[in-house]
Amino acid sequence: MSQSAPQSGPDLSAYPGGEALYRLRHSAAHILATAVTELFPDVRVAGGPPIDGGFYYDFAKPTPFAPEDLERIEAKMREIVAADQPFVAGEMTREAAHAHWEQQGEKYKLHFLSQIPAGAAVTTYQNGPFLDLCRGPHVASTGAVKAFKLTHIAGAYWLGSERNEMLQRIYGTAFATEDELTAHLARIEEALKRDHRRLGRELDLFSIHEEVGPGLVHWHPRLGMVRHVLETFWKDEHLKAGYQLVYTPHIASEKLYEISGHLQNYADIMYSPMQVDEQAHRAKPMNCSNHIMIYNSRKHSYRELPLRFAELGTVYRYERSGVLHGMERVRGFTQDDSHIFCTPDQLQSEIEGILELMDLLLTTCGYEYRCYLATRPADKYLGSDAEWEFATNALRQALETRGLPFEVDEGGGAFYAPKIDVKLRDALGREWQCPTIQVDLNLPKRFGVYYTGPDGQDHEVIMLHRALYGSLERFVGIFIEHTGGEFPVWCAPVQTLVLPVHAKALDYAQSTVAALKAAGVRAEVDSRDEKLGAKIRDAELQKVPYMLVVGPRDAEAGTVSPRRKGVGDLGAMPLADFIARIQSDITTRAR
């Protein structure tokens, strides 16, 4: 069964690759389930939909699948494909369906059956011996599914809840042609090489420790330097754009989150309360309420607006353990958070300024991106229709003025705000949600956030939330994969490694490092008693952008022999010329 609500058809227009690919992968999921039930009669089947990039199916099995089982299952799938079994649509009465799956002990199918509203048709699809609750669609027969591959096995909680039992999920992918499948598998292989968790170990970048807690990242010195450079870049550009830096506490009384509504709406992702002076406090899950406290500490005139508060603020959210993923899904993270307080007349120009600053940050880091305008939800939302229309139009007009292509995400706004969501496209063509810009129609009312207008009266402030990196942990985790750990020179933790050819050149190597550091270059010397080839190989593995090979003749002439990673030997040159070259790379933030 591919969905949990068989009575309504899936939205195929939203599937990446379109309806034909959806049908193909949906059919491949059924072929997978057919193969597994034939090979392992003791399994119970749950559900398995097409997903972005492939498909999966969940199973309950007394003993775990082994990696070698994938080969057996895939071979059986090819037999089913060769048999060219037709996919036959059918309907059953609710009673007959219940009796069928109860007799087979398929409790998961009985659950899906119970979710079908009374009076709705119970639809099925069958190929060979495998009958499934399913609303389709499928290809005509199994013979149409030729280019497929099972990729891996993972655990998955039944219905996605940690309170339920763990099922075993088999993932696969399918394409219309072998060439497309081969290209996709090559991308997967490249993604595995770039996995930030793997590179984190190989390059000594970060770690997560059970003794401290899951989802809590330790930044090692090298990645700490990358973060420092990104933060400095962020701060410098924000100060140029008229932002003011603020710092706020990591905990707050529950009173703050009662006023903001976070306690009522987000308690499930907040850490448990701690008692401080008989008052319950929480680790802060967001920075917005604290920035409002700063604003509301005194009255403001319209002449002072806009006010732009910016903070690299660390927050804590209790994410379920099953969704934690290296640096990209964590429980403690630092948001590059900013809140702008402005008048209605200033709203559009402020959004345009955010978009300009965002473009600078993202393009400097080598990203293309796509914007999505998320509009008012259909049902639950705060604020009047007129307020939503005003805020949404301001976002739309700012995008159009900046000439940014965008798609409309109808109903995708938060219950309190329309927003612009921005997805980065990395070197492998994957999209990542990072920056967001929101016009808040909720918190100014809850906290009474006002300014004094030209008429001497109080007027409600327009409040913008925005994060451009999103969070430093997630952004840097993605950045590691985007660059494959080969950080651009301007933000590389070690920009130059000096390699003396033997001990007689060590003094010159050390003086070269001193000159580089004096020029603002992050440099180290490899003083190990190793052959030059081994030193070069190790520097390549550590993805250092530049290596400087130096020997006794270089010491006499004041020269160095640079090697650029990915390019090779650049030829001997005066040290001063190399310093000028690398300084240009750094100051221009060359990619």
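The values are calculated or read from the model by the stated rules, or taken from the named source; none is laboratory data. This one's a predicted model, so the numbers in the text were calculated from it and none came from an experiment. A quick note on method: Cβ atoms are made from the backbone with ideal geometry, for glycine too, and the neighbour counts reach across all protein chains shown.
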> Somewhere in the range 457-468, is a residue surrounded by fewer than 23 Cβ atoms within 10 Å (Cβ to Cβ), of a type in the set (A, V, I, L, M, F, W, C) and over 28 Å from residue 264 (Cβ atoms)?
Replying inline: no
Is it the case that some residue within the range 370-378 is surrounded by fewer than 20 Cβ atoms within 10 Å (Cβ to Cβ) and either touching a His at 6+ places or on another chain (Cβ under 8 Å) or closer than 26 Å to residue 270 by Cα (or both)?
yes
Apart from one, (1) farther than 29 Å from residue 487 by Cβ; (2) touching a strand residue (DSSP E or B) at 6+ places or on another chain (Cβ under 9 Å); (3) in a loop (DSSP other than H, G, I, E, B) all hold for residue 456; the odd one out is (2)
Original post:
residue 334: closer than 30 Å to residue 208 by Cα, touching a strand residue (DSSP E or B) at 6+ places or on another chain (Cβ under 9 Å) and of a type in the set (S, T, N, Q), yes or no?
Top reply: yes
Scanning the range 29-78 residue by residue, those of a type outside the set (A, V, I, L, M), under 17 Å from residue 147 (Cα atoms) and without any contact (Cβ under 8 Å) to a residue 12 or more places away in the chain turn out to be 71, 78
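Take the residues in the range 442-453 that are hydrophobic (A, V, I, L, M, F, W, C) and part of a helix (DSSP H, G or I), then tell me which one is surrounded by the most Cβ atoms within 10 Å (Cβ to Cβ).
So, considering only residues that are hydrophobic (A, V, I, L, M, F, W, C) and part of a helix (DSSP H, G or I), the one surrounded by the most Cβ atoms within 10 Å (Cβ to Cβ) is 443.
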Restricted to the range 402-441 and to residues being among the β-branched types (Val, Ile, Thr) and surrounded by 22 or more Cβ atoms within 10 Å (Cβ to Cβ), the residue nearest to residue 463 (Cα to Cα) is 439
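Hey, can you tell me all the residues within the range 309-321 that are touching a helix residue (DSSP H, G or I) at 6+ places or on another chain (Cβ under 8 Å) and of a type outside the set (Ser, Thr, Tyr)? Steps first, answer last, please.
Residues of the range 309-321 touching a helix residue (DSSP H, G or I) at 6+ places or on another chain (Cβ under 8 Å): 309-313, 317-319.
Answer for the range 309-321, where residues must be touching a helix residue (DSSP H, G or I) at 6+ places or on another chain (Cβ under 8 Å) and of a type outside the set (Ser, Thr, Tyr): 309, 310, 311, 312, 313, 317, 319.
Name every residue in the range 236-254 that is in contact (Cβ under 8 Å) with a residue 24 or more places away in the chain and outside any loop (DSSP other than H, G, I, E, B), in order of residue number. Spell out the reasoning first.
Taking the range 236-254 and keeping what is in contact (Cβ under 8 Å) with a residue 24 or more places away in the chain, we get 237-238, 241-254.
Once the filter is applied, which keeps residues that are in contact (Cβ under 8 Å) with a residue 24 or more places away in the chain and outside any loop (DSSP other than H, G, I, E, B), the range 236-254 yields 237, 238, 244, 245, 251, 252, 253, 254.
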Practice item. Test residue 538 against the criterion of being surrounded by 13 or more Cβ atoms within 10 Å (Cβ to Cβ) and not assigned by TED's automatic domain parsing to the domain that holds residue 237, and give yes or no. Key: yes
Those residues of the range 99-119 which are touching a strand residue (DSSP E or B) at 6+ places or on another chain (Cβ under 9 Å), free of Cβ contacts under 8 Å to residues at least 60 places away in the same chain and of a type outside the set (Phe, Trp, Tyr) amount to 100, 104, 113
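Quick one: would you say residue 199 is outside the structural domain of residue 58 (by TED's automatic domain parsing), part of a helix (DSSP H, G or I) and within 22 Å of the chain's Cα centre (by Cα)? Before you say what the answer is, go through the steps one by one.
Numbers: outside the structural domain of residue 58 (by TED's automatic domain parsing): yes; part of a helix (DSSP H, G or I): yes; within 22 Å of the chain's Cα centre (by Cα): yes.
Yes; evaluated as a whole, the condition is true for this residue.
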Counting only residues in the range 134-163 that are in contact with a strand residue (DSSP E or B) (Cβ under 7 Å, 6 or more places away or on another chain) and hydroxyl-bearing (Ser, Thr, Tyr), the one surrounded by the most Cβ atoms within 10 Å (Cβ to Cβ) is identified as 142
Exercise for the section: Please verify whether the range 346-355 includes one or more residues that are in contact (Cβ under 8 Å) with a residue 12 or more places away in the chain, in contact with a helix residue (DSSP H, G or I) (Cβ under 9 Å, 6 or more places away or on another chain), part of a loop (DSSP other than H, G, I, E, B) and under 22 Å from residue 464 (Cβ atoms). Expected result: no
Checked the range 230-252 for anything of a type outside the set (Gly, Ala, Ser) and surrounded by 15 or more Cβ atoms within 10 Å (Cβ to Cβ); matches are 230, 231, 233, 234, 235, 237, 238, 243, 246, 248
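Could you go through the range 190-207 and let me know if any residue there is among the hydrophobic types (A, V, I, L, M, F, W, C), touching a strand residue (DSSP E or B) at 6+ places or on another chain (Cβ under 6 Å), closer than 20 Å to residue 23 by Cα and surrounded by 15 or more Cβ atoms within 10 Å (Cβ to Cβ).
Filtering the range 190-207 for residues among the hydrophobic types (A, V, I, L, M, F, W, C) gives 191-192, 199, 203, 205-206.
Pick out the ones that are also touching a strand residue (DSSP E or B) at 6+ places or on another chain (Cβ under 6 Å) and you get 206.
Still in the list and also closer than 20 Å to residue 23 by Cα: none.
Within the range 190-207 (the criterion being among the hydrophobic types (A, V, I, L, M, F, W, C), touching a strand residue (DSSP E or B) at 6+ places or on another chain (Cβ under 6 Å), closer than 20 Å to residue 23 by Cα and surrounded by 15 or more Cβ atoms within 10 Å (Cβ to Cβ)), the answer is no, since none of the residues qualifies.
Which residue is farthest from the chain's Cα centre (by Cα), if the candidates are limited to the range 492-521 and must be assigned to a loop (DSSP other than H, G, I, E, B), surrounded by 18 or more Cβ atoms within 10 Å (Cβ to Cβ) and modelled with pLDDT of 95 or more?
Once the filter is applied, the top-ranked residue is 521.
Residues are listed down the side, and each one gets a yes or a no for (1) under 19 Å from residue 335 (Cα atoms); (2) in the same structural domain as residue 337 (by TED's automatic domain parsing):
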| residue | (1), (2) |
| --- | --- |
| 184 | no, no |
| 210 | no, yes |
| 215 | yes, yes |
| 218 | yes, yes |
| 266 | yes, no |
| 269 | yes, no |
| 276 | no, no |
Looking across the range 18-42 at residues that are at pLDDT below 95 and assigned to a loop (DSSP other than H, G, I, E, B), the single one that is nearest to residue 176 (Cα to Cα) is 18
Over the range 500-540, the set of residues of a type in the set (Asp, Glu) and either under 18 Å from residue 573 (Cα atoms) or without any contact (Cβ under 8 Å) to a residue 12 or more places away in the chain (or both) is 530
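Matching residues to (1) in contact with a strand residue (DSSP E or B) (Cβ under 9 Å, 6 or more places away or on another chain); (2) under 23 Å from residue 302 (Cα atoms); (3) modelled with pLDDT of 95 or more:
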site: 409; (1), (2), (3): yes, no, no
site: 412; (1), (2), (3): yes, no, no
site: 428; (1), (2), (3): no, no, no
site: 433; (1), (2), (3): yes, no, no
site: 441; (1), (2), (3): yes, yes, no
site: 461; (1), (2), (3): yes, yes, yes
site: 466; (1), (2), (3): yes, yes, yes
The condition of being assigned to a strand (DSSP E or B), under 25 Å from residue 204 (Cα atoms) and not aromatic (Phe, Trp, Tyr) holds, among 524, 530, only for 524
Only unsatisfied item for residue 395, checking (1) in contact with a Pro (Cβ under 7 Å, 6 or more places away or on another chain); (2) at pLDDT below 95, is (2)
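Considering only the range 310-345, state which residues are of a type in the set (Gly, Ala, Ser), assigned to a strand (DSSP E or B) and within 17 Å of the chain's Cα centre (by Cα). Even if it seems obvious, please write down each step before you answer.
Taking the range 310-345 and keeping what is of a type in the set (Gly, Ala, Ser), we get 310, 313, 321-322, 326, 332, 338.
Next, from what is left, pick out any that are assigned to a strand (DSSP E or B): 310, 313, 332, 338.
Correct list: 332 only.
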